[in-house]
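Trainee: Before I ask anything, here is the structure I am working with.
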Amino acid sequence: MPDGRQPASRIWPSGGAHLWPPGGASAADAHDRGHLVYAARGVLSVHTERGTSIVPANRVAWTPAGCVHRHRAHGHTDMRIVFLPAALARLVPDRPAVFTASDLAREVLLALTGPREYDRGASARLRRVLVDELREAPEQPLQLPEPRDDRLRALARVMYETPGDNTPLAELGQRIGASARTLSRLFRAELGMTFYEWRTQLRIHHALVLLADGYDTARVARACGWANPSHFIAAFTTVVGTTPGRHRASG
């Protein structure tokens, strides 16, 4: 059941739609079928024990059966959900994943969760088309992995609170009692990326939330640690696949 600010919902056995107000959130839950989520409007975050994924309008997130998760809306968000039967779920990863949403995948998602009612056979065919599209799409994770090491967790807490902080890693390490070399090794070993790659991912997450809340590009750039908005636009486009302005317009 949702908590916080309640969404307007339409639910049926194979999926549903939730219209969330800004800041709306669901309680932690798990389902006996895996499901896909798509934000037709706004930005959605999906939280699991593996980390947090951000789902703007050009991404589709997959959560396997039995995986504990919770959702949060950033901006007015139209969240669509499609549950997959086990036969189709075997064709996608057995872990949380985020895929690029092709034009066809978006249209199928909207059709399956829209007001039109399809018979069972038509719905099954549409779900198969959707899964085929996702299998062809590259994984494009806007995912911020959750660190396990206590030193990385301490560093992550600092950055969550102040994502625009440009303090060098060595100085951040002094605050938490770990050397830059140790932290760099832990980032690579645990998260498969450098600190600076992780920090950029964190900042893009934060930028997506701020853009969903209506802030302009220059203000978002400053809040996320970029003194030069053009550098922010370049980083955002590399990660998200579109400029901040086009992303905001699509929402």
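Trainee: Take the residues in region 19-56 that are touching a His at 6+ places or on another chain (Cβ under 6 Å) and polar (S, T, N, Q), then tell me which one is nearest to residue 205 (Cα to Cα).
Mentor: 48
Trainee: Still on this structure, please answer the following. Can you confirm whether region 10-18 contains a residue that is among the aliphatic types (A, V, I, L, M), modelled with pLDDT of 90 or more and touching a His at 6+ places or on another chain (Cβ under 9 Å)?
Mentor: Within region 10-18, not a single residue is among the aliphatic types (A, V, I, L, M), modelled with pLDDT of 90 or more and touching a His at 6+ places or on another chain (Cβ under 9 Å).
Yes/no matrix, rows are residues, columns are (1) among the charged types (D, E, K, R); (2) under 21 Å from residue 43 (Cα atoms); (3) surrounded by 13 or more Cβ atoms within 10 Å (Cβ to Cβ); (4) out of contact with any strand residue (DSSP E or B) (no Cβ under 9 Å at 6 or more places or on another chain):
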| residue | (1), (2), (3), (4) |
| --- | --- |
| 168 | no, no, no, yes |
| 182 | no, no, yes, yes |
| 201 | no, yes, yes, no |
| 211 | no, yes, yes, no |
| 220 | no, yes, yes, yes |
| 224 | no, yes, yes, yes |
| 244 | no, yes, yes, yes |
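Trainee: Counting just the residues of region 132-166 that are acidic (Asp, Glu) and either in contact (Cβ under 8 Å) with a residue 60 or more places away in the chain or touching a strand residue (DSSP E or B) at 6+ places or on another chain (Cβ under 8 Å) (or both), which one comes out farthest from residue 37 (Cα to Cα)?
Mentor: Filtering region 132-166 for residues that are acidic (Asp, Glu) and either in contact (Cβ under 8 Å) with a residue 60 or more places away in the chain or touching a strand residue (DSSP E or B) at 6+ places or on another chain (Cβ under 8 Å) (or both), the one farthest from residue 37 (Cα to Cα) comes out as 165.
The rows are residues; the columns are (1) within 20 Å of the chain's Cα centre (by Cα); (2) part of a helix (DSSP H, G or I).
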{"residue": "135", "(1), (2)": "yes, yes"}
{"residue": "147", "(1), (2)": "yes, no"}
{"residue": "160", "(1), (2)": "yes, yes"}
{"residue": "172", "(1), (2)": "no, yes"}
{"residue": "184", "(1), (2)": "no, yes"}
{"residue": "188", "(1), (2)": "no, yes"}
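Trainee: Answer with yes or no whether residue 184 is over 24 Å from residue 49 (Cα atoms), in the same structural domain as residue 222 (by TED's automatic domain parsing) and of a type in the set (Ser, Thr, Tyr).
Mentor: no
Trainee: Counting only residues that are hydrophobic (A, V, I, L, M, F, W, C) and more than 21 Å from residue 240 (Cβ to Cβ), which one in region 42-71 is surrounded by the most Cβ atoms within 10 Å (Cβ to Cβ)?
Mentor: 67
Trainee: Can you list the strands (runs of 3 or more DSSP E) lying wholly within region 20-131 that have 3 or more residues being of a type in the set (Ser, Thr, Tyr) and either touching a residue at least 60 places away in the same chain (Cβ under 8 Å) or not assigned by TED's automatic domain parsing to the domain that holds residue 203 (or both)?
Mentor: Once the strands (runs of 3 or more DSSP E) in region 20-131 are filtered for at least 3 residues that are of a type in the set (Ser, Thr, Tyr) and either touching a residue at least 60 places away in the same chain (Cβ under 8 Å) or not assigned by TED's automatic domain parsing to the domain that holds residue 203 (or both), what remains is 35-48.
Trainee: Here's something else I'd like to know. Quick check on residue 185: is it out of contact with any helix residue (DSSP H, G or I) (no Cβ under 8 Å at 6 or more places or on another chain) and closer than 30 Å to residue 21 by Cβ?
Mentor: Judged against the criteria, residue 185 is not a match.
Trainee: Need the failing condition index for residue 9 against (1) assigned to a strand (DSSP E or B); (2) in contact (Cβ under 8 Å) with a residue 24 or more places away in the chain; (3) among the small types (Gly, Ala, Ser), just the number.
Mentor: (2)
Trainee: A further question on this structure: Can you name every residue in region 230-247 that is under 23 Å from residue 160 (Cβ atoms) and without any contact (Cβ under 8 Å) to a residue 60 or more places away in the chain?
Mentor: 231, 232, 235, 236, 238, 244, listed by residue number.
The values are calculated or read from the model by the stated rules, or taken from the named source; none is laboratory data. Fair warning: this is a prediction, and the values are worked out from it, not measured in the lab. Virtual Cβ from ideal backbone geometry, glycine too; neighbours counted across all protein chains shown.
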